[in-house]
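Everything below concerns the one structure shown next.
The values are calculated or read from the model by the stated rules, or taken from the named source; none is laboratory data. Bear in mind the structure is a predicted one, so any value in this text is a computation, not a measurement. Cβ placement follows ideal geometry from the backbone for every residue including glycine, while neighbour counts extend to all protein chains displayed. All accessible areas refer to the heavy atoms of the entire protein, side chains included, with ligands and DNA or RNA removed. Shrake-Rupley method; radii C 1.70, N 1.55, O 1.52, S 1.80 Å.
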Amino acid sequence: MLKRKLKSALGKNTPSLQDLQFHIDVVSAEAISGWAFNNLEPQKAAKVEVFSGDELLWEDNADHARSDLVDAGLGDCAFNITPDIAVLKNDIESVDILINGHKVNPEPVGLELTSLKAEDYICHFDAVSHNEVLGWARNIHADTKRVTVELKHEDKVLAFGLADQPRVDLADAGIGDGNYGFTLKVNAANFPSTSVECQVYLDGLATLLNPVELNTTQEAIDKAKFVEVFSEQIDSFEQLLTAESQRIANQIVEATPVNEQASLNTVVNVAINNIAEISTRLSVIEKVLTKHFSK
């Protein structure tokens, strides 16, 4: 019965769609979903794209699992797109759906969505330091939406974070659910100088808020740039040091009788101190390389 229902729901083939089977189940502000199957290449997932005019809004591969489609012999070929209004440059009233580059709806499908606007947001900064920025931000029309906050200088992001932290003061004041706090970590590696004015962006939108001034030191900038370039090597070395310290400690424990516990502790401390000395030397090397690469 289900196979017959699925077959009756197939999209009407045209010469450009003759190799596809598909069905659009839902088009709404919450979801655009359905399924699509490529007859010529059954193992290759069909690509589903949603356009407004000539602008691509969202896309997904039709490779999600759905039991009814598996039972019908079509396999994993469902798609599910959650419309993200953050990508909208203008309000929209309808969309077109393309599968493998072919438009599958004869007429535009109704979908009314309002684009984000800077005036829809409230943002406050409570504290600004050399390494983090504290505050809160909220979309006044969406109590449960969590806002992304960026501080940019020209095209470089100097601080970024999500405003989703609980704030008792906001909850007590009856401001939505109160979960709008943010702590932005400052990325010193992107600083063009030690003092920079940054424009505030909320969900990717440039706001008219006063610029936020960020200050740091040249040493912090140099170190951040060094860490950015050599972060993988530094992490690997630190992991190696930790593993080696643990290995030495384990070997000493295994080789030392219980009644020599005091001696064991002494030897372990010596081994750990040696590892700490290596870590210190690594810091010295880091400073030398930082100065070298900052020239």
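General observations
- Filtered by the rule that a residue be farther than 19 Å from SER33 by Cβ and modelled with pLDDT of 90 or more, segment 107-119 gives a lone residue, GLU107.
- Condition check for LEU184: open to solvent by 30 Å² or more (accessible area, probe 1.4 Å), free of Cβ contacts under 8 Å to residues at least 60 places away in the same chain and closer than 30 Å to ASP222 by Cα: no
- Within segment 240-262, none of the residues are modelled with pLDDT of 70 or more, within 24 Å of the chain's Cα centre (by Cα) and open to solvent by 60 Å² or more (accessible area, probe 1.4 Å).
- All of (1) touching a helix residue (DSSP H, G or I) at 6+ places or on another chain (Cβ under 7 Å); (2) touching a residue at least 24 places away in the same chain (Cβ under 8 Å); (3) surrounded by 12 or more Cβ atoms within 10 Å (Cβ to Cβ) hold for THR217 with one exception: (1).
- Cβ-Cβ under 9 Å pairs, at least 6 apart or on other chains, segment 110-128 side farther than 23 Å from THR183 by Cβ and among the small types (Gly, Ala, Ser), far side open to solvent by less than 70 Å² (accessible area, probe 1.4 Å) and part of a strand (DSSP E or B): GLY110/VAL27; GLY110/SER94; GLY110/VAL95; SER115/ILE92
- Filtered by the rule that a residue be farther than 21 Å from VAL26 by Cα and either touching a Cys at 6+ places or on another chain (Cβ under 9 Å) or open to solvent by 60 Å² or more (accessible area, probe 1.4 Å) (or both), segment 109-121 gives LYS117, GLU119.
- Breaking point among (1) in a strand (DSSP E or B); (2) open to solvent by 70 Å² or more (accessible area, probe 1.4 Å), for ASP25: (2)
- Whenever a residue of segment 222-249 is closer than 30 Å to PRO192 by Cβ, its partners that are at pLDDT 70 or above and open to solvent by 40 Å² or more (accessible area, probe 1.4 Å), lying with C-beta atoms within less than 8 angstrom and at least six residues away or across chains, give the pairs ALA224/ASN187; ILE234/VAL227.
- Filtering ARG167, ARG146, ARG138 for residues that are open to solvent by less than 70 Å² (accessible area, probe 1.4 Å), over 19 Å from ALA86 (Cα atoms) and not β-branched (Val, Ile, Thr) leaves a single hit, ARG167.
- Complete set of residues in segment 200-239 that are charged (D, E, K, R) and at pLDDT below 75: GLU228, GLU232, ASP235, GLU238
- You will find that of PRO83, PRO106, the residue that is more than 30 Å from ALA189 (Cβ to Cβ), open to solvent by less than 60 Å² (accessible area, probe 1.4 Å) and out of contact with any helix residue (DSSP H, G or I) (no Cβ under 8 Å at 6 or more places or on another chain) is PRO83 and no other.
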